[in-house]
Structure formats: C-alpha cells, structure tokens
C-alpha cells in the first residue's frame, strides 16, 4: 500500500505517548492498542496523527481540516461516556464524506444494543441463548422461560465491563443482586441470558461484502481456580497479573471439521444479518453437545498485537502490518462505494 495520511481516532485519555518507557503495566495495558496501531502504521511509512475525543467533535473537525486524511482509523469505543453513541460519530463522518475504518454506523448501532442484536440474529436463524432485558428502575422479574444458571451483563457495554465470576447466578436472589450491581456500577440496563456450559470461542471476520473468516480461537486457562467458570471476565480481559496467574491462553480451537463448518457458517450469517463491515470479532459458547451459541458480535474489537484479532490473523498468515493495511483498504473501498451509491 502506498503511503497514506491516517488520522487515528481514539478516546482522549488513550492517546499514546511516543514511548512506553516508565509507564506502569496497568497504563500500558490501557493504551496498548492505540500505541501498537500508531507504531506499526508509522513503521510502514504512513503519516499518522492521533485525535482524542471525549464529548464534542471540534477536535475531530480541526484534525480533519489540518491533516486532510485519506482515512480516519477508528479506535474510539465510546463518545460522551456512551458506547451507544459511537454509531452517530461514524454517521457524522459519512455525512461529511470522510472515509473511516471498521464498521458502518448501522452495523455499529445494531451491535451495541445487545437486545436488538439478538432479535436480528434470531430472524437470521443464528442460535443465541435465551435472554431477558432487566431495565433500570424496575423490579427484577425473571421470565418463566428463563431457567438457571444465568449470566448477567450490561445490556450495552462491551469489553467485559461488569463481568466477573459472580455474574453467573443460580437463583433469584443472586439474580436480583447481580442486576442491581450492573444498574448501579455500570449505569446501564442489564441483560440476563442462559449460561452455556462449555468452551468459549472467538471468530474474526474481515471484509465488507466478500468475507474472510480467520481461524477459530479458544479462550483457555492452565491454572484457573477449581470450579471457576471459563469465561472472559473483566479481570481476564484487562488485568495482566490475573492473566498470568490463571495461565490465560488464546489459541486455535482445533474444532472437528463439521463443527467448525457450522460455526463459520453461523458467524458469516450473523455478520451479514447485523450489516457489519470492515472487521468484527464474534464470541460464541460451544456446548458439550456440539451446539454453538453466538453471545456477542463486536464490530470494534481490540486491535493490539496480542489481542484475538491479531492472533487469528497471524494464524492465517496475515502479519500485523498487513492486517492494518487490509482494514484501511476496506474502509477506503466502503467510502468509495457509499459515495457512488
């Protein structure tokens, strides 16, 4: 790819420094995606500028006017403290004719709202767990159809926010307690869904209309506390010390061919049903009976060198730099096709 002017869009407090020297492990963990993407794109000869956003778009407008980027590389996960508002930031970029990487506004909106996501998936015959949305300010009432065990999450927040071993509940008292925790600590509605005992899988899809499915990965632990569930809790996702202590490993799942075909087919159907473009990571639970349940499609996943998307790309023979340039190419193509109608 020839040299491009790239404006990397992220949260204001995640703008990476020129070096990681002297930073705490926790700080490095928070900014590693932004740092890795900037460093790699610069090493490939691209001109990269970073803009940090919080709750207004003035800085973005100014950076676009100054740099006149070929593309905005989107690493922004929330705007004005809301992940649900990300779709409108992308919509703004489309309105002004600015190319950007990753998912389009509609695909982002469908995926942020987990209840809406599940309704769309079920219409497309994609298997998802039974669930119920438990609204803030209302008494917790579990539908009769929803049996235990359940796992309780935020209805809109991604990145394993608010998820811990205590998120798996086995009676109504524990359910009410965990729902209250999500309402009070995360500040969103909660969603309770059937907990699927089994393996946790990650499937990365890259593409707009023609889709490339990267090798299926699995979340595994070599030193997890006996009896603990093998799930991606907030500590699993963000705590390097906890990852090391539990022997966290993300590796190729090595599924039986017929199981892998079903998983891949289900994920491609989900990606298209949600109108996603660019790239996404789809998370599934594979039950002991061989049935896979899609639990989430994340169209804005972490892109650091050691996160699932890059690991899957590496397994497919796609080096990190080539992965980033592929994402840029898809964004430029989407922008061109959108303008041409």
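Laboratory data are not the source of any read-out in this text; all were calculated from the coordinates shown. Just so you know, these numbers come straight off a predicted model, no measurement behind them. With ideal geometry, Cβ positions are generated from the backbone for all residues, glycine too; neighbour counts draw on all protein chains shown.
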Exercise. What residue among 24, 220, 101 has the largest mean-square fluctuation in a Gaussian network model of the chain, using Cα springs under 10 Å?
Worked result: 24
Exercise. When Cα extents along the principal axes in Å is calculated directly from the model, which label among [x] 64, 53, 38; [y] 57, 49, 46; [z] 60, 40, 37 fits?
Worked result: [y]
Exercise. How high is the FRET efficiency from residue 224 to residue 27, r the C-beta distance, R0 25 Å, rounded to 0.05?
Worked result: 0.40
Seminar exercise, completed: Reduced to Cα centres, the span from the range 30-104 to the range 221-285 in Å works out to 27
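If you take every DSSP beta bridge whose two residues both sit in the chain, what share of them, in percent to the nearest 5, is antiparallel?
On the way: 37 of 49 bridges.
Antiparallel: roughly 75 percent of the beta bridges in the chain.
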Problem set entry | Simple label model, 7 Å out from Cα along Cβ direction - residue 92 to residue 210, nm | 3.5
For this session: For residue 339 and residue 166, compute 0.36 nm times the residue count separating them, minus their Cα-Cα distance, and round to one decimal in nm.
Result: 57.5 nm
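For each of 304, 297, 265, count neighbouring Cβ atoms within 10 Å of the residue's Cβ, then give the residues from fewest to most.
Working: 304 17, 297 28, 265 12.
Going from least to most buried by this count: 265, 304, 297.
Given the rule -39500 (n - 2.57) for each run of at least 4 DSSP H residues, summed and divided by the residues of the chain, what is its mean residue ellipticity at 222 nm, to the nearest 500 deg cm²/dmol? Mind showing how you got there, number by number?
Values: 11 runs with 125 residues, N = 341.
Calculated from helices alone, the mean residue ellipticity at 222 nm is -11000 deg cm²/dmol.
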Problem set entry | Contour minus Cα-Cα distance for residue 80 and residue 49 (0.36 nm per residue) | 9.0 nm
For this session: May I ask for the angle, rounded to the nearest 10°, between helix 58-67 and the longest principal axis of the chain, with both axes built from Cα atoms and the value confined to 0 to 90°?
Result: 40
Exercise. Gaussian network model of the chain, Cα springs within a sub-10 Å range: biggest mean-square fluctuation belongs to which of 271, 242, 100?
Worked result: 242
Problem set entry | Helix 86-95 axis, angle to the chain major axis (alpha carbon atoms, nearest 10°) | 30
Seminar exercise, completed: Shape call for the range 79-207, from the Cα gyration tensor axes a ≥ b ≥ c (a/c under 1.5 means rounded, otherwise prolate when a/b beats b/c, else oblate), comes out prolate
For this session: Would you mind classifying the range 5-102 by shape? Square roots of the alpha carbon gyration tensor eigenvalues, ordered a ≥ b ≥ c; an a/c under 1.5 is rounded, otherwise it is prolate if a/b is larger than b/c and oblate if not.
Result: oblate
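Rank the residues 70, 46 as a footprinting-exposure proxy: fewest other Cβ atoms within 10 Å of their Cβ go first. Please list the in-between numbers first.
Numbers: 70 19, 46 22.
So the ranking, lowest neighbour count to highest, is 70, 46.
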Problem set entry | Neighbour-count ranking [beta-carbon atoms within 10 angstrom, fewest first] of 73, 39, 110 | 39, 110, 73
Exercise. Against the longest principal axis of the chain, how steep is helix 172-181, in degrees 0 to 90 to the nearest 10, with axes from Cα atoms?
Worked result: 20
For this session: Just report the Cα centroid separation between the range 161-191 and the range 134-159, whole Å.
Result: 7
For this session: Would you look at the GNM of the chain, springs on alpha carbons closer than 10 Å, and say which of 241, 111, 167 moves the most?
Result: 241
For this session: Would you mind classifying the range 74-143 by shape? Square roots of the alpha carbon gyration tensor eigenvalues, ordered a ≥ b ≥ c; an a/c under 1.5 is rounded, otherwise it is prolate if a/b is larger than b/c and oblate if not.
Result: oblate
